[in-house]
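Right, one structure below, let's go through it.
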Amino acid sequence: MSAARLGQDAIARKGWFAAHKWLLLRRACQAGILALFLAGPWFGVWIVKGNLSSSLTLDVLPLTDPYLLLQMLAAGFAPAATAVTGALIVAAFYLLLGGRVFCAWVCPVNIIADAAAWGRRRLGIKSSRPPDARARYWLLAGTFVAAAASGALAWEWVNPVSFAHRGLLFGMGAGLWFLAAVFFYDLLVAHHGWCGHLCPMGAFYSLLGKAALLRVAAPRRAACDDCMDCFAVCPEPRVIRPALKKAGQESPVILDTLCTTCGRCIDICGQSVFRFTHRFDQRSSS
Amino acid sequence: MSAKKSTSAPERIRLFPARRRFLAELAGAAGSGCLMALGAGLYANQSRALGAQALRPPGALPEKQFLAACTRCGLCVRDCPYGTLKLATPGAPAPTGTPYFTARSVPCEMCEDIPCIKPCPTGALDPALTDIAGARMGLAVLIDQETCLNFLGLRCDVCYRVCPVIDQAITLEKQHNARSDRHAMLLPTVHSAHCTGCGKCEAACVLAEAAIKVLPAPLAQGKLGEHYRKGWEEREKHGGSLIGDQLELPVRGLEGKPYGDSRVDDTPAPPAESAPGGIDSGWKP
């Protein structure tokens, strides 16, 4: 699979814009969220204050990262009502929409990881020594143990996700090195190494997405010509097979919670096999 | 288990290759996951040792609790009207992401409505603090008496004058100036009962390097043992000595004096020039 060929079929059949529709929308969403946060410090237009850990929108809507709140509880601190309300709102949102929607549509590290994956394709780097994809769940458990043992939010000392977002809004400092480490790890050591194997935040949000309504499905799977483009571009390739190839399930819906709902498979498929739908949509061409 | 006892280890590997692979993968996942968590934990523990160097916003919980409570969201930073607060980046004197301020560059202006506490979503900045005079962000310490101009006998007084709790948090204590032997020294003296740790004194100190510095309370203050009681306070509290009247024994040579007065006689001390002693005695070996 050469870099030049990936997605060529889709571009030829659907045109460039249709073959990049969800990618562009996703980048717009990531940039838009960042712009909402940056409008305050840059232009004095205070729509959203704070950062992804905790924020206040238009002085009324409090949001708090539920993963952070649980670490807080593990560390033995009972947070005030505002934080609990904020975490419940965020948790409810991702429970409905799909946990890892956060990873693909909100998280700033996604841009770094996607850039590294793109760099891999361009430079033709094939070697990859990723840790086991379940390592993230152990790390997730480890962050709670670390919080309980130290009585502090231990993971926040190193969490690249909050480093990235806080850094953009409040000053990066040496946090840039952490992000560079993620980029070069993904580029040189392991394909989708951070987001796809280690990040405990992604692991947490994947658990939150067990019953998510918004899903990607392969209703036209009969039209699949086995070009493998979707597998090549997917950040979590293992999630596609059950839905596309009926491996262990009849439903055409990608039910694996590790799916980030990024929609790259929809864009890249020349046969328009995939589409966004709800989890109960059983329509399928075969 | 007993039925399988006879199978040797290589045989078991041959019999259950999938299980063996699964266990190996699981061990790998667990190993890398736990190793990273352990690394993060150790790093956090080490960084926490630095925590006490930073001055926290008003109402911040004690450092250990604060590190469990603060989400590092920066809402307090945003609502500080004077740009005093900032979030720590790696390498700053506070754990990454937590709010702090540097007294020497931008001290706390002690707003009466304490706007930094209000947006805190978790209570890491305690909303129970409503009177800014009750804030304890740190404690000013006149750390270098060798360079402080007032200690040199000059009348600088700047730290005293800028103190928002003047004459309570910092007072000027009059003392004899032994160097000139005819002047007074007015020594700036900090009182922990009133100092909020706002840092205005440190920011205003005229020296190239401030002689008065605001330190986090645990660095600045000693602590009496839990068991320690001050006799004079206890006596006050109980309206008399707790051990009752002391046995008065006669002391030879002090008959007729009030008990406890051990001065031998009332003759004044000999004049200084009669016999210089100590380092000024002029004695040479």
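Read-outs throughout are calculated quantities, based only on the coordinates presented, and are distinct from any laboratory measurement. Because the structure is predicted, anything quoted here is derived from the model rather than measured. Cβ sites come from the backbone with ideal geometry, for glycine too, and all protein chains shown count toward neighbours.
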Checklist outcome for this item: Between the modelled labels at residue B:165 and residue A:174 (7 Å from Cα along Cα→Cβ) the distance in nm is 3.4
Item to check | Label-point gap, in nm, between residue B:226 and residue B:259 - each point 7 angstrom along Cα→Cβ | outcome: 3.6
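Quick one: A:49, B:174, B:223, B:86, fewest Cβ neighbours within 10 Å first, how do they rank? Walk me through the numbers on the way to the answer.
Details: A:49 22, B:174 10, B:223 7, B:86 19.
Ranked by crowding around the Cβ, least crowded first: B:223, B:174, B:86, A:49.
Counting only complete DSSP H runs, which helices of chain A cover 15 Å or more along their long axis at the Cα atoms and score a mean Kyte-Doolittle of 0.0 or above?
Working: long enough: A:21-43 (30 Å, 0.96); A:81-97 (24 Å, 2.16); A:109-123 (21 Å, 0.16); A:135-150 (22 Å, 1.05).
Within chain A the helices that satisfy the rule are A:21-43, A:81-97, A:109-123, A:135-150.
Kindly state, as a whole number, the per residue volume in cubic angstrom of the convex hull around the alpha carbon atoms of the protein assembly as shown.
On the way: hull volume 187.7 nm³, N = 571.
Once divided by residue count, the hull of the protein assembly as shown is 329 Å³.
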Item to check | Qualifying GluC sites (Glu not before Pro) for segment B:150-215 [loop in DSSP, other Cβ within 10 Å: at most 14] | outcome: B:209
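Hand me the trypsin sites (Lys or Arg not before Pro) from segment A:246-286 located in a DSSP loop with no more than 10 other Cβ atoms within 10 Å, in residue order please. Let's see the in-between values first.
Details: sites: A:246, A:264, A:275, A:279, A:283; in loops: A:246, A:279, A:283.
Filter output for segment A:246-286: empty list.
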Item to check | Residues A:112, A:254, A:33, sorted so that the one with the fewest Cβ neighbours within 10 Å comes first | outcome: A:33, A:112, A:254
Item to check | Under 18 Å from the residue A:36 label point (7 Å along Cα→beta-carbon), backbone N, segment A:65-86 | outcome: A:65-67, A:83, A:85-86
Checklist entry - If you rank A:204, A:231, A:43, A:178 by fewest surrounding Cβ atoms within 10 Å, what's the result? => result A:43, A:231, A:178, A:204
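Rounded if a/c is under 1.5, else prolate if a/b is larger than b/c, else oblate: which is segment A:3-161, with a ≥ b ≥ c the root eigenvalues of its Cα gyration tensor? Numbers along the way, then the final one.
Values: a/c = 2.41, a/b = 1.41, b/c = 1.71.
Judged from the Cα gyration tensor, segment A:3-161 comes out oblate (a/c at least 1.5, b/c at or above a/b).
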Checklist entry - List the lysines whose alpha-carbon lies under 20 Å from that of residue B:118, not counting same-chain residues fewer than 8 positions away? => result A:49, B:86
Checklist outcome for this item: Diffing segment B:173-179: the Karplus 3J(HN,Hα) column from phi (6.51, -1.76, 1.60, θ = phi - 60°), in whole Hz with x for Gly and Pro, holds 9, 6, 9, 5, 8, 5, 5
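If you wrap segment B:119-244's Cα atoms in a convex hull and average its projection over all directions, what's the area in nm²? Write down the numbers at each step before the final one.
Numbers: hull surface 49.2 nm².
Answer in nm², one decimal: 12.3.
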